[in-house]
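K.L.:
Could you have a look at this structure, given as structure tokens, before my questions?
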Amino acid sequence: MAERSSSGRILAMILVGLGAFLLVIAILVPTYTLGKLRTTPLDLEVTTVAEGTGDILNSRQLLAGNAQVDRDVPIVAQRFVTVEDPSDAEVMTLQAGQTVRRLDMQGDTGLVSAVVDRLTIDRKTSMPVSEEEFPERVSTIQVSADQPPVEIDNRAGLQYKFPFDVQQESYPYYDINARENFPIDFVGEEEINGMKVYHFSQEIGPVDLSKADPEVPTYKLSLPASTWGVGEGDEPITMTRWYNNIRDLWVDPVTGVVVKGQEQQDQYYAREADKPEVTVLNVTLPFDEETIEYQIGQAKDGQDTISLFGRTLPIILGILGVILLIVGFVLGIRGGGNRRPATATGGPAPAGPATTTVGPAHSGGAQRDHTEDRTEVIPRQTDPNAQQRDWTTDRTQEIPRTDLRKPPTQE
């Protein structure tokens, strides 16, 4: 019994220790894991496609001397984002290649614009990092294959992703066409394909693109009035390219993934900003349904991972820890209350009458038959020849006296 009780106590201590360990892990998992999970993964690779129908200036006709605007042209904007060096545990460099094409023309003739944007961002906040913080950081925009990238020093806003745990407030957002930061404001909560999202909206313009990027010659053009279609003569008229945009983004508030995006771009040539004269591009480009579904999948994967380590796993570990603690305490209490003293060999005999056997244990003589004994009657001596003492005269109230004098020696 002592061995069994000892084993129970050992098991109880093991269960209590394991239960306490699981409770500690349940507390530490969300504390130390969520910080690492709430960083943009370095294997990021995202393709977004936005399609629409709009009006666009025919650049080939413009070079031929006719500012022709084509109407109802199918247009697609495609962006491919990957992670490049330098990237580490704190920062990551994104490279975004974006093209705008008109689908009614083939090959390079249908290319409207192409941009390669590279920037280094903080993996938690998704904000661009400064050169003072990370001297190796990258911030460039390239719009022509024949020209080197242009260094951008004024980035101070989001672009391709929002931070984790998005707040219902305004954020700075950088526009690569205007080369400026503009606030993008929280509009409200909405639902896209069953997912709750935050809607943000931003209005830009009119922006003088010739000032935003003076290196692009087509942002300010001098052409004959007849070419522009604003007169009959050949008198040169200089026009500036202006840019307006209404950008709407629907963002997963947990991961910061842009589930849906839409731009309403309006670019035109004019001598005055508020008096458009020749349309360059007027189109609304929302993400297509395939892109939306893919982005929702990315957001849900991130949500599930955060929920697993931030809520589900700690709850399970906490419950198991409490159960093991309770079982361990119960076993410990039972094991302590059922102890019994062990009987040691060779120790003192228990108190009580002892049985003494006189003579050999197995006598070779005749054995008395006790079957006829009347144990309920005290046996009396029945030998008639035996001398009986008369006890009636004994004075039991007095201590008997003994004569201690020695009897005379008999010679």
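The values are calculated or read from the model by the stated rules, or taken from the named source; none is laboratory data. Quick caveat, the model's predicted, so the values are computed rather than measured. Note that each Cβ is placed from the backbone with ideal geometry, even for glycine, and that neighbours are counted across all protein chains shown. Remember, those area values only see protein heavy atoms, side chains included, never the ligands or the DNA or RNA. Shrake-Rupley method; radii C 1.70, N 1.55, O 1.52, S 1.80 Å.
K.L.:
Name the strands (runs of 3 or more DSSP E) wholly inside segment 78-174 in which the number of residues that are closer than 30 Å to Lys300 by Cβ and under 30 Å from the mean Cα position of the chain (by Cα) is 2 or more.
P.N.:
Details: elements: 91-102, 111-122, 139-142.
Passing ranges, in order: 91-102, 111-122.
K.L.:
Could you tell me which of the residues Asp117, Asp104, Asp122, Asp175 is touching a helix residue (DSSP H, G or I) at 6+ places or on another chain (Cβ under 8 Å), surrounded by 13 or more Cβ atoms within 10 Å (Cβ to Cβ) and in the same structural domain as Ile75 (by the TED database)? First the steps, then the outcome.
P.N.:
On the way: Asp117 fails: touching a helix residue (DSSP H, G or I) at 6+ places or on another chain (Cβ under 8 Å); Asp122 fails: touching a helix residue (DSSP H, G or I) at 6+ places or on another chain (Cβ under 8 Å); Asp175 fails: touching a helix residue (DSSP H, G or I) at 6+ places or on another chain (Cβ under 8 Å).
Matching residue, one of Asp117, Asp104, Asp122, Asp175: Asp104.
K.L.:
Take Gly205 and decide whether it is open to solvent by 20 Å² or more (accessible area, probe 1.4 Å), out of contact with any Lys or Arg (no Cβ under 6 Å at 6 or more places or on another chain) and part of a loop (DSSP other than H, G, I, E, B). Step through it out loud before you land on a result.
P.N.:
Working: open to solvent by 20 Å² or more (accessible area, probe 1.4 Å): yes; out of contact with any Lys or Arg (no Cβ under 6 Å at 6 or more places or on another chain): yes; part of a loop (DSSP other than H, G, I, E, B): no.
No, not satisfied.
K.L.:
Test each condition in (1) open to solvent by 20 Å² or more (accessible area, probe 1.4 Å); (2) at pLDDT 95 or above; (3) of a type in the set (A, V, I, L, M, F, W, C) for Ala270 and report the one that comes out false.
P.N.:
Unmet for Ala270, out of (1) open to solvent by 20 Å² or more (accessible area, probe 1.4 Å); (2) at pLDDT 95 or above; (3) of a type in the set (A, V, I, L, M, F, W, C): (1).
K.L.:
Which one of these does Ile152 not meet: (1) surrounded by 17 or more Cβ atoms within 10 Å (Cβ to Cβ); (2) under 28 Å from Pro253 (Cα atoms)?
P.N.:
(2)
K.L.:
Tell me whether segment 195-203 contains one or more residues that are in contact with a Pro (Cβ under 8 Å, 6 or more places away or on another chain) and closer than 25 Å to Asp266 by Cβ. Please lay out each step first, then the result.
P.N.:
Initial filter on segment 195-203 (in contact with a Pro (Cβ under 8 Å, 6 or more places away or on another chain)): 196-198, 202.
Still in the list and also closer than 25 Å to Asp266 by Cβ: 202.
Yes, the conditions are met somewhere in segment 195-203.
K.L.:
Any chance you could count how many residues in segment 193-252 are charged (D, E, K, R) and closer than 26 Å to Ile141 by Cα? Give the steps one after another, and end with the answer.
P.N.:
Filtering segment 193-252 down to residues charged (D, E, K, R) leaves 196, 203, 208, 211, 213, 215, 220, 232, 234-235, 241, 247-248, 252.
So of that shortlist, the ones also closer than 26 Å to Ile141 by Cα come out as 203, 208, 211, 213, 215, 220, 241, 247-248.
Matching residues across segment 193-252 total 9.
Table: residues versus (1) in a strand (DSSP E or B); (2) among the charged types (D, E, K, R); (3) more than 30 Å from Leu23 (Cβ to Cβ).
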{"site": "Val259", "(1), (2), (3)": "yes, no, yes"}
{"site": "Glu263", "(1), (2), (3)": "yes, yes, yes"}
{"site": "Asp266", "(1), (2), (3)": "yes, yes, yes"}
{"site": "Lys275", "(1), (2), (3)": "no, yes, yes"}
{"site": "Tyr294", "(1), (2), (3)": "no, no, yes"}
{"site": "Gln298", "(1), (2), (3)": "no, no, yes"}
{"site": "Asp301", "(1), (2), (3)": "no, yes, no"}
{"site": "Leu317", "(1), (2), (3)": "no, no, no"}
{"site": "Leu320", "(1), (2), (3)": "no, no, no"}
